[in-house]
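The values are calculated or read from the model by the stated rules, or taken from the named source; none is laboratory data. Worth saying up front: this structure is predicted, and the values here are computed from it rather than measured. Positions of Cβ are backbone-derived with ideal geometry, glycine not excepted, and every protein chain shown enters the neighbour counts.
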């Protein structure tokens, strides 16, 4: 009988994945100390630019989560901005951080500039890399809840105008996710580094939270 | 000297002649300009001559003054000169005031001073970002088109690859099947016994 993943465990898993892929996670629920808060207030009062940036981050946190590769960093470092929805539950937190850290891994593999160019200029690469990230998130959710690895839900999200994908790109994403779903059905993670690392961490540190029997390392 | 004396003695008549000549010239101009309405180039030429007439009149008056040492009684010219002198004095006074007061005039308040408009900031970020992108190899890192069958699969060096809609081979994961304790067969990671059982198309089989 599995127990539910706690938020602390989810944060530890997120910190572990982030450390492996050069990600800095911004969690909207973590309150900075009074001194930091006062410093930020002071800075925002000092410079309208800082205020705009703080407001922009605040705005991003109200919507979907984002991973922003930091140009010029080598190996690539990424800023992961989690939305408030993403951190509402421990499973949501773990799945979202895993999804975003897969983007971080893509940045490390391709380089901070190239991953940005690929994402902006190629819908094929954007669709493929989002499919991989969705695969990791769906896998972590499946591992923790026992819910099916939901290809259709991922494709529905990828079909939203936010991603701007064409029919071919969505079809490529569907085939990618479908191939990964076959593996998950056979108790194998998708062939993605963050999926393996998440599985390994959960097996080692929170085995009681795994909701599906039969997972092997 | 005789001529000068005659000019001095007939100042009123000379002024009257010049005034009448001016009025006649104005009337002629009005008539000619109306008739030349259909000929814009001719009309422009007449207008340019008419524009000189006040200066010609003033020139004659000044010439008279220079020769005889007395002014012609020309109300029109005198009034014009007086107006010019008045305006000149006013301009000089205004310039003097401005020079005097300039340091004391507070700078105009710009409500946008010190503020960065979001649109300007975003535009700046966009421009800087685009310059950054342009400084890189500004091309998506797509594999070459291979002519593969869309959504076919294959294995390459233990990795699974999928043919995209644009007929490029794309790797669908970032680790090889071996990391899953699997082997790659026909573009899929499978358990080793499955691979041993059959399909001989490992690392091939898909074009």
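Identify the residue in the range B:162-180 that is assigned to a loop (DSSP other than H, G, I, E, B) and under 21 Å from residue A:105 (Cα atoms) and, among all such residues, is farthest from the other protein chains (Cβ to nearest Cβ). The residue in question is B:176. Considered as a group, the residues in the range A:164-184 that are farther than 17 Å from residue B:150 by Cα and in contact with a strand residue (DSSP E or B) (Cβ under 8 Å, 6 or more places away or on another chain) include one that is surrounded by the most Cβ atoms within 10 Å (Cβ to Cβ), and that residue is A:183. Of all residues in the range A:185-198, exactly one satisfies the criterion of being surrounded by fewer than 20 Cβ atoms within 10 Å (Cβ to Cβ), within 11 Å of chain B (Cβ to nearest Cβ) and in contact (Cβ under 8 Å) with a residue 24 or more places away in the chain, namely A:187.
Within the range A:133-141, at least one residue is under 18 Å from the mean Cα position of the chain (by Cα) and under 18 Å from residue A:69 (Cβ atoms). Here residue A:90 clears all of (1) within 12 Å of another protein chain (Cβ to nearest Cβ); (2) at pLDDT 90 or above except the condition numbered (1). Scanning for something assigned to a helix (DSSP H, G or I), within 9 Å of chain B (Cβ to nearest Cβ), surrounded by 15 or more Cβ atoms within 10 Å (Cβ to Cβ) and without any contact (Cβ under 8 Å) to a residue 40 or more places away in the chain, does the range A:153-160 turn up at least one residue? Within the range A:153-160, not a single residue is assigned to a helix (DSSP H, G or I), within 9 Å of chain B (Cβ to nearest Cβ), surrounded by 15 or more Cβ atoms within 10 Å (Cβ to Cβ) and without any contact (Cβ under 8 Å) to a residue 40 or more places away in the chain.
When each of B:159, B:151 is tested for being within 7 Å of chain A (Cβ to nearest Cβ), at pLDDT 95 or above and within 15 Å of residue B:188 (Cβ to Cβ), the lone residue that passes is B:151.
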